[in-house]
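This report refers to the structure that appears directly beneath it.
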Amino acid sequence: MEITLAKSAGFCFGVKRAVKLAQQTALQGKPVEMLGDIVHNEAVVKEIKKTGIVKVNHLSDGTGKTLLIRAHGTGKATITKARELGYRIIDATCPKVKEIHSIARDMEQKGYRLIIIGDKDHDEVRGIIGQIHSPAIVIENPDSISPDKIKNLQRAAVVVQSTQSLENVKAILEALRPQIKDLMFFNTICKATRDRQKEIKTLPLQNDVMIIIGSKTSANTKRLYEISKSLNQRSYWIESTADLQKEWFKDARHVGITAGASTPEESIQCIVSYLKQLSTD
Ligand code: SF4
């Protein structure tokens, strides 16, 4: 079995940065809390917890504590509340997500209604919504456009969750354009996502089996899996070697592997080694 690992597999720049910031903050020896998961990968969160950082779901008395803001960012109200409670803030929000925040605030100020193309329950989308005062409209796919919400819209600005697929974005824009006269579009899909999605359009066609590694909570891994599956039925989304099933590889000569932006290198290498071993059995 020949194994091809996607060049773009694994940690993106924003995740690397967030993990490094977490490690550096832990070294300061003071109590550190992270609000939710710093990145969407259980193995990474587990490693970070080992450094003494405590994961919390709610803010409490922050006196003497540091609060680590996750790579996907958070709303302005959370930061304000944390400061009021006495926390020192270390912001690990990816700079690419911060760019989306800044566009959202700017366009609101200019009088545009914000439309976010993304998953409504994702932390990144909630963080973008939390940058502005007026309610944003979240659209997940062309079928979820609510006519009531857009029928009287004269001016709207569209931003995109950084890990969305371009095809979905194009389809939504096509549906919106005839309905909104003044529609501004900002393609905020990040480069790391674009590179990954470019590779996933060819790898599944060149391989008999595709393995996509990443947490089930990772939006960008889900997207990679969906694209791969649409091109190659023998695509499988796994979190670790425990999920691999030998029968998937029956008669397979070429296996392609890719991984989400928050999948650590160790998990990827572990799976590559397992498959190499399988091919020599
Ligand atoms: S996927 Fe893109 S936006 Fe998200 S953390 Fe990585 S580089 Fe930043």
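The values are calculated or read from the model by the stated rules, or taken from the named source; none is laboratory data. Keep in mind that what you see is a predicted model, and the values were worked out from it rather than measured. Glycine gets a Cβ as well: all are built from the backbone with ideal geometry, and neighbour counts include every protein chain shown.
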Would you please name the residue that is nearest to the ligand (Cβ to nearest atom), looking only at residues in region 226-281 that are touching a Pro at 6+ places or on another chain (Cβ under 6 Å) and part of a helix (DSSP H, G or I)? Ser228
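Condition check ((1) modelled with pLDDT of 95 or more; (2) on the phi < 0 side of the Ramachandran plot; (3) under 15 Å from the mean Cα position of the chain (by Cα)) across all residues:
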{"residue": "Ile90", "(1), (2), (3)": "yes, yes, no"}
{"residue": "Thr93", "(1), (2), (3)": "yes, yes, yes"}
{"residue": "Ile100", "(1), (2), (3)": "yes, yes, yes"}
{"residue": "Ala104", "(1), (2), (3)": "yes, yes, no"}
{"residue": "Gln109", "(1), (2), (3)": "yes, yes, no"}
{"residue": "Ile115", "(1), (2), (3)": "yes, yes, no"}
{"residue": "Ile128", "(1), (2), (3)": "yes, yes, yes"}
{"residue": "Glu140", "(1), (2), (3)": "yes, yes, yes"}
{"residue": "Asp148", "(1), (2), (3)": "no, yes, no"}
Of the residues in region 208-219, those that are touching a residue at least 60 places away in the same chain (Cβ under 8 Å) and either within 16 Å of the ligand (Cβ to nearest atom) or farther than 16 Å from Ala9 by Cα (or both) come to Ile213, Gly214, Ser215, Thr217, Ser218, Ala219
Among residues of region 108-144 being within 25 Å of Phe13 (Cβ to Cβ) and assigned to a helix (DSSP H, G or I), the residue nearest to the ligand (Cβ to nearest atom) is Glu124
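Checking the conditions here, which among Ser165, Ser102, Ser144 is among the hydroxyl-bearing types (Ser, Thr, Tyr) and either farther than 28 Å from Ser262 by Cβ or surrounded by 18 or more Cβ atoms within 10 Å (Cβ to Cβ) (or both)? Let's see the steps before the verdict.
Values: Ser102 fails: either farther than 28 Å from Ser262 by Cβ or surrounded by 18 or more Cβ atoms within 10 Å (Cβ to Cβ) (or both); Ser144 fails: either farther than 28 Å from Ser262 by Cβ or surrounded by 18 or more Cβ atoms within 10 Å (Cβ to Cβ) (or both).
Result of the check over Ser165, Ser102, Ser144: Ser165.
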Cross-chain or 6+ apart pairs with Cβ under 7 Å, region 82-103 first and among the polar types (S, T, N, Q), then surrounded by 15 or more Cβ atoms within 10 Å (Cβ to Cβ): Thr93/Ile69; Thr93/Ala71; Thr93/Gly73
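Under the condition of being polar (S, T, N, Q) and more than 15 Å from the ligand (Cβ to nearest atom), which residue from region 1-50 is nearest to Tyr274 (Cα to Cα)?
By that ranking, first place goes to Thr4.
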Just to be sure I understand the filter: pairs with C-beta atoms under 6 Å, separated by 6 or more residues or on different chains, first member in region 176-198 and in contact (Cβ under 8 Å) with a residue 12 or more places away in the chain, second member basic (Lys, Arg) and within 16 Å of the ligand (Cβ to nearest atom). Which pairs pass? Cys190/Lys96
Is there a residue being assigned to a loop (DSSP other than H, G, I, E, B), away from the ligand (no atom under 16 Å from the Cβ) and surrounded by fewer than 23 Cβ atoms within 10 Å (Cβ to Cβ) anywhere in region 193-206? yes
